[in-house]
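Chemist: The structure that follows is given in the form of structure tokens.
The values are calculated or read from the model by the stated rules, or taken from the named source; none is laboratory data. Nothing here was measured: the structure is a model prediction, and the numbers come from that model. Because the Cβ atoms are built from the backbone with ideal geometry, glycine has one as well, and the counts that use them run over all protein chains shown. Accessible surface is based on the protein model in full, side chains and every heavy atom, while ligands, DNA and RNA are left aside. Shrake-Rupley method; radii C 1.70, N 1.55, O 1.52, S 1.80 Å.
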Amino acid sequence: MYTYQTSVKLHDTDAAGVLFFANYFRLTHEAYESFMASIGFEFYHIIHEADYVVLIVHAECDFKRPLYVGNHVTVEIGAGSVGKTSFTLNYSVTNADGNVVASGNSVHACVDKQGFNARELPDGLRAALEGIA
């Protein structure tokens, strides 16, 4: 399990100061980027130097409780299925009291940059994903 901590910023909220629903995806994506960097797969390298990209091809989120500007949150990431060319990440977002405020998942596909054809996950990425399952 990978853990990422952050807080809700004013620009993430609606006029009532409540986290705008789409920004739950921003929180989980920040956690995803942090996880990838922690295992040696920084997006700068993938975008500028690698011969592949990892695309999100599906995402879903269930909202359980509101978050407000200034709330501290923890995003936990675990791996769901890890296939030859794709993987699923599961997310749990909790508030400072430990209550789950949202949960969801995202499906990521590895493709080559030339034709966006499916390609196998890099070995190091597969190993890291299996380590957080």
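Chemist: Along the charge dipole of the chain, pointing to its positive end and built from +1/-1 on Cβ of Lys, Arg, Asp and Glu, which listed residue (Phe43, Tyr2, Asn23) has its Cα farthest out?
Modeler: Of the options given, the answer is Asn23.
Chemist: Quick one: 3J(HN,Hα) in Hz for segment 7-23, Karplus 6.51/-1.76/1.60 with θ = phi - 60°, rounded, Gly and Pro as x.
Modeler: Computed from phi, the couplings for segment 7-23 are 9, 7, 9, 4, 5, 8, 9, 8, 4, 8, x, 9, 4, 5, 3, 5, 6 Hz.
Chemist: Checking the cross-link filter: which lysines have an alpha carbon closer than 28 Å to that of Lys84, excluding same-chain neighbours under 8 positions apart?
Modeler: Lys113
Chemist: Tell me which lysines have Cα within less than 26 Å of Lys64's Cα, excluding those fewer than 8 residues away on the same chain?
Modeler: Within the straight-line cut-off, Lys64 pairs with Lys9.
Chemist: State, to one decimal in nm, how far the label point of Met1 lies from the label point of Ile47, with both points 7 Å from Cα in the Cβ direction.
Modeler: Label-label distance for Met1 and Ile47, simple model: 3.1 nm.
Chemist: Report Thr94's accessible area, 1.4 Å probe, all protein chains in place, as a number in Å² to the nearest 10.
Modeler: Taking all protein chains as shown, Thr94 has close to 20 Å².
Chemist: Still on this structure: Give me the one-decimal nm value for the distance between modelled label points at Ile39 and Ala15, 7 Å along each residue's Cα-to-Cβ direction.
Modeler: Result for the modelled spin labels: 4.3 nm.
Chemist: How many Å² of accessible area per residue for the chain, probe 1.4 Å?
Modeler: Accessible surface, normalised per residue, equals 53 Å².
Chemist: Also, quick follow-up: Convert each backbone phi in segment 47-55 into a coupling constant with the Karplus relation 6.51 cos²θ - 1.76 cosθ + 1.60 (shift: θ = phi - 60°), then list the ³J(HN,Hα) values in order as whole Hz, x for Gly and Pro.
Modeler: Computed from phi, the couplings for segment 47-55 are 5, 9, 10, 7, 9, 9, 9, 10, 9 Hz.
Chemist: Continuing with the same structure: Enumerate the amide H contacts of Gly80 below 5 Å, restricted to partners 5 or more residues apart or on another chain; note that Pro and chain-start residues carry no placed amide H.
Modeler: Thr88, Leu89, Asn90
Chemist: Next question. Express the carbon and sulfur contribution to the solvent-accessible surface of the chain as a percent, rounded to the nearest whole number, probe 1.4 angstrom.
Modeler: 53
Chemist: Just one of (i) 0.97; (ii) 1.53; (iii) 1.00 is Rg/Rh (Cα atoms, Kirkwood Rh) calculated from these coordinates, so which is it?
Modeler: From the options (i) 0.97; (ii) 1.53; (iii) 1.00, the structure gives (iii).
Chemist: Here's something else I'd like to know. Taking amide H positions as placed 1.01 Å from N in the peptide plane, with prolines and chain starts having none, which residues 5 or more places from Tyr68, or on another chain, fall under 5 Å of its amide H?
Modeler: The list, which skips near neighbours in sequence, is Leu19.
Chemist: Something else now. Which order do you get for Asp14, Asp97 if you rank them by accessible area with a 1.4 Å probe, largest at the top?
Modeler: Numbers: Asp14 65, Asp97 130 Å².
Correct descending sequence by accessible area is Asp97, Asp14.
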